[in-house]
Protein chains: 2
Amino acid sequence: MAQNQLKQTKQRRMIVEEFVKMNAHVQAEQLYIRVNVRGAKVGLATIYRTLNLLKEAGLIEQCVFSDGRSVFELATPGQHHDHLVCLDCGDIAEFENEAIEQLQKEIASERQFILYSHRLYLYGSCHKCQMKNPTKASVA
Amino acid sequence: MAQNQLKQTKQRRMIVEEFVKMNAHVQAEQLYIRVNVRGAKVGLATIYRTLNLLKEAGLIEQCVFSDGRSVFELATPGQHHDHLVCLDCGDIAEFENEAIEQLQKEIASERQFILYSHRLYLYGSCHKCQMKNPTKASVA
DNA sequence: ATATATGCAAACGGTTTGCAGGGAG
DNA sequence: CTCCCTGCAAACCGTTTGCATATAT
């Protein structure tokens, strides 16, 4: 838990608990709904404030997709993954690729750029959606 | 020009003209200012509508950074570049890396995912800012 | 007791939309 | 002459903030 000079409150406990249950790709709004469905009233503002605290504490990470929605995930120290985003159903899959990570480091160091983080998004159509839609035009 | 069943108007001409002059990393707000500085009044809404049309026509591409700002660039058919974003000064540099592009295609095809596009962002501190700031803590 | 956290509602910033008037074809 | 485009202002959406109250320590 966030024992970083933060008070422990029942809403924070609930938020963290539900976050962990959702266990990936958490959106503030959804978390808000899930927390409130089961009893206690927690304001949306508190959800956002808590998510930001957790992010600052390095416990969770944020990904901003091209459609503007923001998704949070439990931080996985040491490793990293990126996302395959289906533009048809909105589904998000993950992948890891050490070779790409390595190339990124090379690119950064070539330019004397200090890398703090990176995000790689692959946008397209997942297998499921290809089955559903006989043909498909491209999108950005 | 966008001869895709679109009417040619003086505001559209001005927008495109200024867009090309800025020649990279165009933000709607900036474009709005530049177009209006030199004469004619063009509404922000028209800027957005035109940018969206150009995007749909495949003439420009949009990148959404993690801080929410959205940047447009002339489409470069056939090739692609990605971005190094400095979290200190906001500067954006570009790079191309064929090996990374290749790996992405492999990842997608392994998962039977049809790739439409992708975005890779490297976030960190550029050389200039490293000089200015003796020490620096990390950011997401 | 004291500082921090909460809920609410209002503010925000970037983007989109509805509408009445204007201009391209 | 018709339909598309424009400007304006209002609506939107996700997120943040101010404030008075409630709560953890």
field: Shielding of A:100-108 by partner chains, average beta-carbon count, 10 Å
entry: 4
task: Read phi for every residue in the stretch B:11-16 and hand back ³J(HN,Hα) as whole Hz from Karplus 6.51 cos²θ - 1.76 cosθ + 1.60, θ = phi - 60°, with x for Gly and Pro.
output: 5, 5, 4, 5, 4, 4
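In a shell of Cβ-Cβ distance under 13 Å around B:LEU54, excluding B:LEU54 itself, what net charge do Lys and Arg (+1) and Asp and Glu (-1) give? Could the numbers behind the result be given before it?
Values: positive: B:ARG12, B:ARG13, B:ARG49, B:LYS55; negative: B:GLU17, B:GLU18, B:GLU56, B:GLU61, B:GLU73.
Around B:LEU54, the surrounding residues sum to -1.
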statement: Applying the gyration tensor rule to the Cα atoms of the stretch A:53-131 (axes a ≥ b ≥ c; rounded if a/c under 1.5, else prolate if a/b exceeds b/c, else oblate), the class is oblate
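So which of A:LYS21/B:LYS105; A:LYS105/B:LYS132; A:LYS7/A:LYS41 end up more than 27 Å apart by C-alpha?
Working: A:LYS21/B:LYS105 33 Å; A:LYS105/B:LYS132 22 Å; A:LYS7/A:LYS41 18 Å.
Violating the 27 Å Cα-Cα cut-off are A:LYS21/B:LYS105.
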field: Shielding by partners - mean other protein chain Cβ count within 10 Å, residues of B:58-65
entry: 2
field: Cross-link partners of B:LYS128 among aspartates and glutamates (Cα-Cα below 19 Å; sequence separation of 8 or more within a chain)
entry: A:GLU106, A:GLU110, B:ASP88, B:ASP91, B:GLU94
- request: Can you check how the C-alpha radius of gyration of the protein assembly as shown compares to 2.2 N^0.38 Å, as a plain ratio?
  value: 1.13
message: Let me check I have the definition right: for the stretch B:23-88, take the eigenvalues of the Cα gyration tensor, multiply each by 5, take square roots. What are those semi-axes in whole Å, largest first?
response: 22, 16, 10
message: When the expected Rg is taken as 2.2 N^0.38 Å, what fraction or multiple of it is the alpha-carbon Rg of chain B?
response: 1.24
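Computed from the coordinates by the stated procedures, all read-outs in this text should not be read as laboratory data. Small disclaimer: the values here were computed from a predicted structure and weren't measured. Using ideal geometry, Cβ is built from the backbone for each residue, glycine included, and neighbour counts are taken over all protein chains shown.
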